[in-house]
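Note sheet for the following structure.
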Amino acid sequence: MTAAAQDQWRLLDVQAHDIRLTQIAHKQRSLPELAKIAELEKKLADVDDVLIKARTVATDAARDLTKAEGDVEQVRQRVARNQARLDSGQGNSKDLQAIQHELESLAHRQGVLEDAELEVMERQETAEAAVRGATEKREQVVAEIAVAAAARDKALEALTDESDAEARDRENAAAGIPKDLLALYERIRATSHGVGAAKLYQRRCEGCRMTLPPNDLARIRNAPQNEVVRCEECSRILVRTAESGL
């Protein structure tokens, strides 16, 4: 393939823009804010697990408390009825004595139930405190995610603007380069880590960083200026300049 020397030189400008575009894309994918958000999202998932468990415990405790309160209330009502019958003196002495015995049993039963009720109340208070703590922690993490997301969006916006400007400059640099030369550059770049053209500098290929052997240098030295030469090691287009050392 042949192409004017100045068109080959322009490939280096295109290559510089492509390298910069690759660097910008890498920055976009590896912003520290992205890692921060991922870390915070994992933290949020852990907090949500804790919150779900705490809410479950609190719900169970509330249900148990409702039952305990109902049990205590039933005994209190029974005590109140029996005490009223006892106070009224209704019934014979045997009946009143039975009522008195039942009141004693109910008093013991009420004490046991009230102790159980207090225990459930303490469990509920502990569970509700855990819910409040987990909720506050969740709100804190959500706020941190929002801050990190805002920083990410700001950084991405700046990088997008830079990428757009770089793409326009790349388009201008590529304008006028022969299509076959540009197509060859693109094919090589696609399979050579994003580098399709490299400067031959002081007898070294700047693409693979290898110093060319004498026979390759002789071949390139004797090639016409409009011949598109390539590195034998990496197959990239070698662009000759006054600094090639030929």
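The values are calculated or read from the model by the stated rules, or taken from the named source; none is laboratory data. What you are looking at is a predicted structure, and each value in this text was computed from that prediction instead of being measured. Methodologically, a virtual Cβ is constructed for each residue, glycine included, from the backbone with ideal geometry; neighbour enumeration extends over all protein chains shown. For accessibility, only protein heavy atoms count, side chains too; no ligands or nucleic acids. Shrake-Rupley method; radii C 1.70, N 1.55, O 1.52, S 1.80 Å.
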- Message: Students often forget the sequence filter, so: which lysines lie under 20 Å Cα-Cα from K27 once same-chain residues fewer than 8 apart are removed?
- Response: K36, K154
- Query: Using the beta-carbon distance between A5 and K42 and R0 = 35 Å, what value does 1/(1 + (r/R0)^6) give for FRET efficiency, to the nearest 0.05?
  - Reply: 0.05
- Query: Which parts of region 41-65 would a label at E119 reach, counting a residue when its backbone N lies under 17 Å from a point 7 Å out along Cα-to-Cβ?
  - Reply: 60-65
- Working out 0.36 nm times the residue gap between L34 and E162, then minus their Cα-Cα distance, what length gain in nm do you get to one decimal? 44.2 nm
- Note on the structure: Amide H neighbours of R230 at under 5 Å, excluding residues fewer than 5 places away on the same chain, with H built from the backbone geometry, are L238
- Which FRET efficiency value, to the nearest 0.05, is calculated for A129 and K67 with the Förster distance at 25 angstrom and r the Cβ-Cβ distance? 0.70
- Query: Tell me, what is a quarter of the convex hull surface for the C-alpha atoms of region 154-246, in nm² with one decimal?
  - Reply: 7.2
- When ligands, DNA and RNA are left out and all protein chains stay put, how many square angstrom of accessible area per residue does the chain have with a 1.4 Å probe? 61
- Message: For the chain, take the longest principal axis of its alpha carbons; what is the angle in degrees between that and the long axis of helix 32-88, to the nearest 10 within 0 to 90?
- Response: 10
- Task: Please give the contour-minus-distance gain from D169 to K53: 0.36 nm per residue of separation, less the Cα-Cα distance, rounded to one decimal in nm.
- Result: 36.1 nm
- Item | Where labels lie 7 Å past Cα in the beta-carbon direction, separation of A16 and E232 in nm | 3.0
- Query: Excluding same-chain residues fewer than 8 positions from K67, which lysines have a Cα within less than 24 Å of its Cα?
  - Reply: K53
- List the relative contact order of region 96-246 as a percent without decimals, with contacts defined as Cα pairs under 8 Å and 6+ residues apart. 16
- Query: Under 14 Å from a point 7 Å along the Cα-to-Cβ line of Q100: which residues of region 69-90 have their amide N that close?
  - Reply: 83, 86-90
- Query: Which of the peptides 15-23, 28-36 is most tightly packed, and how do the rest follow, going by the mean number of other Cβ atoms within 10 Å of each residue?
  - Reply: 15-23, 28-36
- Query: How high is the FRET efficiency from K27 to A218, r the C-beta distance, R0 51 Å, rounded to 0.05?
  - Reply: 0.75
- Query: By DSSP, what percent of the beta bridges with both residues in the chain are antiparallel, rounded to the nearest 5?
  - Reply: 60
- Query: Which three semi-axes in whole Å describe the equivalent ellipsoid of the chain, each the square root of 5 times a Cα gyration tensor eigenvalue, listed largest first?
  - Reply: 92, 16, 12
